[in-house]
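Data first, discussion second: the structure below is written as structure tokens.
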Amino acid sequence: MKMQILILLALFVVGAMGGKYSKELNEQKASDKNNNQVEFRIAKLNQVWEKAIRMQLAPVRLSELHSDLKIQEKDELQWKKLKAEGMDEDGEREAKLRRNFNIILAKYGMDGKKDTRTLDSNRLKDHDVKEGDTFDDPKLDKLWNKAKTSGKFSDEELQTLQREFQHHKDKINEYNIVMDTVSRTEEIHKNVISPLEGDMKEHVLHQKHSDLKQRMRNLNQGFERLRKITHEGYSADSEFKEPRVIELWEMAKRSNLSEDELDSLKEELGHFETKVEKHQHYQEQLELSHQKLKHVEALGDKDHIMRNKEKYNTLAEKAREMGYKMKKHLQDLTNKISRNGLQHNEL
């Protein structure tokens, strides 16, 4: 009887160790060729991440970058699998991945050039920055000042509206980044010698121009929405508060979705909005934790520093995890709506 109990115990311990080992194997981070742990499974993404750390990006920006790189990693690994199966022969998906990677680099100031996009007269903004500008865009600033002084919005509604304006500004920046990549592709296209290579580049160029047109349409529709809200205020039955959720809902209403499908999507968007709000909460906590850590480090108490550093690292990890989940959900929702009559590309 003793022997049976010992055997059962041994099997239990081995099983538990096996379960733990499997979990650790699945959760362990990627390693480079020297067997050092790295953050991502793709070398160029690790290079970007390491550069961002050296640049000492602000904690929330670093967290956002991590989420964007995780999405890029997921998409690139999926593409490699598709390519191995003989798909994406025209290189369309590869071109989109390259474009999204360029957007990430430019978005976080790592594209190797000074950020002159906002002052380029060929872009969406053609004015000098003046003190007091909130969004560095004359139309947005004028509209925002009108909203602030209209008396139509409560403090909470003004905060919501400000997030919508900021979201629109981010979209303008993305448009300008894509426009830069199109300009560079056109320059390269002029120097093509091989007719076959030329046809391929022509196709990629056409895709980029289509993307630009769609982004411009979205910008125009977004600005019209901001203008309407500024003039009329928020209606009592406004479905959502978060800009990304509002944008998705507006897209869905313009698509070919049936009433039942819209109702189902509306419910899913409600869950997504909760996820966005949760992510924002973690970002706020991360920023507060970073400020507290800097204060504690200035005092020099090692034990206190270690405790605060542990808390900060835990929050940073949670913010990254939530950011990835939120952005993946955003990507899935965008693709779902796009398949129902819209041609829309989203980072």
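Things worth noting here:
- Yes/no for Gln207 being at pLDDT below 85 and of a type in the set (S, T, N, Q): yes
- Residue list for region 80-97, filter: open to solvent by 60 Å² or more (accessible area, probe 1.4 Å) and free of Cβ contacts under 8 Å to residues at least 60 places away in the same chain: Lys80, Lys81, Lys83, Ala84, Glu85, Met87, Glu89, Arg93, Glu94
- Residue in region 272-280 that is among the hydrophobic types (A, V, I, L, M, F, W, C) and touching a helix residue (DSSP H, G or I) at 6+ places or on another chain (Cβ under 7 Å) present: yes
- The requirement of being of a type in the set (Asp, Glu) and either open to solvent by less than 20 Å² (accessible area, probe 1.4 Å) or under 25 Å from Pro59 (Cα atoms) (or both) is not satisfied by Glu268.
- Summed over region 250-263, residues that are at pLDDT 90 or above and open to solvent by less than 20 Å² (accessible area, probe 1.4 Å) total 1.
The values are calculated or read from the model by the stated rules, or taken from the named source; none is laboratory data. Keep in mind that this is a model prediction, so the values were computed, not measured. Here Cβ is always computed from backbone atoms with ideal geometry, including for glycine, and neighbour counts include all displayed protein chains. Calculation scope for accessible area: heavy atoms of the full protein, side chains included, ligands and nucleic acids excluded. Shrake-Rupley method; radii C 1.70, N 1.55, O 1.52, S 1.80 Å.
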